[in-house]
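The values are calculated or read from the model by the stated rules, or taken from the named source; none is laboratory data. Just so we're clear, the structure is a prediction, and the values are computed from it rather than from any experiment. Every residue, glycine as well, gets a Cβ built from its backbone with ideal geometry; the counts of neighbours run over all protein chains shown.
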Amino acid sequence: MQVLHHGFDKLEFSIKTKTSRELRRRLAGARNCAEAKRQSQPIELAGLAFVVEPDGMRGGYRFRLTRRGFDHFVAIKDTEGNDDWCVSVSVGALPLALDGFEACHQRVMSELAKIGIYVAGAQTSVRRVDYAVDLLFDQYTISHEKIVYPPRSSWLKHETERTQGSGREVVGLTLGKTPGAQLAIYNKGREVVQKRLRHWPEIWNSVRKQSNQSLLELPLMRGQIWRFELRAGKLLLNKRHRIRTCEEVMMHAQKIFSDLASQIRVVCPGRDGTRSRWPDSPEWTIVRTLLAREMETMAPEIDQERLRIEKRNDTISALDAQITGAAIALGVLQGATPDNAQKLPAIMGAELRRLLEDVGDGLEQRVNEVIERYRHLL
């Protein structure tokens, strides 16, 4: 068993502040354009590259911006008020894995100030924060019999997939519900293989490199790497720990997650009739040991240029799959059958050429728009 990664995995918070009129004016124009084209619209704000989505977010947030090159988005209300929780931020796993909680929080707040959101002295309210531990096993299985949890936290979800034959394999368990406390245990290697998330193997292999161990190959990760993810929602933070702000989370993260890991445990089933007396399993002992230390991200030694290339390859793979599916569907609708399927490449090649030619003089503009959308990967 080897620890491949541990650190904060998600951060969601709201900000009580106000936004500049000029920012809202520019966002309104970008969203109108995105709605008309039915696709996200690139925009540059204070020298920072964003994408404005054609839809907003539940809760009255009219504008939703994705920060290009970073795994986070910002939702903004179209309001003049200065006493409103008018900004919502969600930071994803990758920047937290690379830079840690504090650095990500500081960067986000700095960027918000640059684009016209008044964050100096503003209140923040954390809705959710996750901490994850990725472990490498020779072989691993999970079942609800190995989980000990408080009686009132009886909600347990099994995620399965069909295996060879008629059986089904448990590939994940989720206990609890947000905005309270939640524990998710799932086959992260399987998810990475299925979704072609090449950046995670880079992070995991950085640990292997430091120990002069052989690198993990993507196809072989499917059943070996499991994630133990503890999720603290707003109710848990506010009611149990009296914690609201991002700064308070940073100060008390160790207590938050150590407490959660003692309430919900992965155990070694024993003969004792009282489940709560069953000892922690070896993997849960590792998780709790990590949580008992200084709460900091396991900083991987990543080549940022290589990571950018892998993210670009992820995008290319996704587009390849979309093009292949669309080409086959279009071919079938135009009369393709299994008997003449081998002619599809030639037929669809000519069809693609025709479609691009039909764009005409607008092709240059469309290419420029796509360049802007993917500039962070070029």
Exercise. Can you confirm whether the range 321-330 contains a residue that is of a type outside the set (S, T, N, Q), at pLDDT 80 or above, within 22 Å of the chain's Cα centre (by Cα) and under 30 Å from LEU96 (Cβ atoms)?
Key: yes
Quiz item: Where residues in the range 360-378 are modelled with pLDDT of 80 or more and aliphatic (A, V, I, L, M), which of them is farthest from LEU48 (Cα to Cα)?
Solution: LEU363
Quiz prompt | Hits in the range 191-214 - residues which are more than 17 Å from TRP226 (Cβ to Cβ), touching a residue at least 24 places away in the same chain (Cβ under 8 Å) and more than 15 Å from the chain's Cα centre (by Cα) | solution = GLU202, SER206, LYS209, GLN210
Quiz item: When you scan the range 322-344, how many residues do you find that are surrounded by 11 or more Cβ atoms within 10 Å (Cβ to Cβ) and in a helix (DSSP H, G or I)?
Solution: 13
Quiz item: Which condition breaks for ALA97 when tested against (1) under 22 Å from ALA36 (Cβ atoms); (2) touching a helix residue (DSSP H, G or I) at 6+ places or on another chain (Cβ under 9 Å); (3) of a type in the set (A, V, I, L, M)?
Solution: (1)
Quiz item: Does the range 102-110 include one or more residues that are under 27 Å from ILE371 (Cα atoms) and exposed (fewer than 14 other Cβ atoms within 10 Å of the Cβ)?
Solution: yes
Self-check item: GLY47 surrounded by fewer than 21 Cβ atoms within 10 Å (Cβ to Cβ), out of contact with any helix residue (DSSP H, G or I) (no Cβ under 8 Å at 6 or more places or on another chain) and farther than 30 Å from TYR131 by Cα
Solution: no
Exercise. Please go through the range 31-54 and pick out each residue that is within 19 Å of VAL89 (Cα to Cα) and either part of a helix (DSSP H, G or I) or among the aromatic types (Phe, Trp, Tyr) (or both).
Key: ARG31, PHE50
Practice problem: Among residues belonging to the range 251-279 that are farther than 21 Å from VAL133 by Cβ and among the polar types (S, T, N, Q), point out the one that is nearest to the chain's Cα centre (by Cα). | Solution: SER276
Quiz item: Mind checking whether some residue in the range 55-72 is in a strand (DSSP E or B), at pLDDT below 90, hydrophobic (A, V, I, L, M, F, W, C) and buried (at least 18 other Cβ atoms within 10 Å of the Cβ)?
Solution: no
Quiz item: In this structure, does ILE347 turn out to be in a helix (DSSP H, G or I), surrounded by 12 or more Cβ atoms within 10 Å (Cβ to Cβ) and free of Cβ contacts under 8 Å to residues at least 40 places away in the same chain?
Solution: yes
Self-check item: Subset of the range 88-143 [of a type in the set (Asp, Glu) and either under 28 Å from ASP259 (Cβ atoms) or at pLDDT 90 or above (or both)]
Solution: ASP99, GLU102, GLU111, ASP130, ASP134
Self-check item: Hits in the range 73-105 - residues which are in a helix (DSSP H, G or I) and in contact (Cβ under 8 Å) with a residue 60 or more places away in the chain
Solution: ALA93, LEU94, LEU96, ALA97, LEU98, ASP99, PHE101, GLU102, CYS104, HIS105
Practice problem: Could you list all residues from the range 201-242 that are part of a strand (DSSP E or B) and either among the β-branched types (Val, Ile, Thr) or over 16 Å from ARG128 (Cβ atoms) (or both)? | Solution: ILE225, TRP226, ARG227, PHE228
Self-check item: When residues of the range 289-309 are limited to those that are surrounded by fewer than 17 Cβ atoms within 10 Å (Cβ to Cβ) and in a helix (DSSP H, G or I), the one modelled with the highest pLDDT
Solution: THR289
Self-check item: Residues that are at pLDDT 85 or above and over 17 Å from TYR140 (Cβ atoms), drawn from the range 164-178
Solution: LEU175
Quiz item: On the given criteria, is ALA122 among the small types (Gly, Ala, Ser) and surrounded by 20 or more Cβ atoms within 10 Å (Cβ to Cβ)?
Solution: no
Self-check item: Unmet requirement for GLY270, which otherwise passes all of (1) crowded, with 16+ Cβ neighbours inside 10 Å; (2) over 20 Å from VAL3 (Cβ atoms); (3) in contact with a Phe, Trp or Tyr (Cβ under 6 Å, 6 or more places away or on another chain); (4) not charged (D, E, K, R)
Solution: (1)
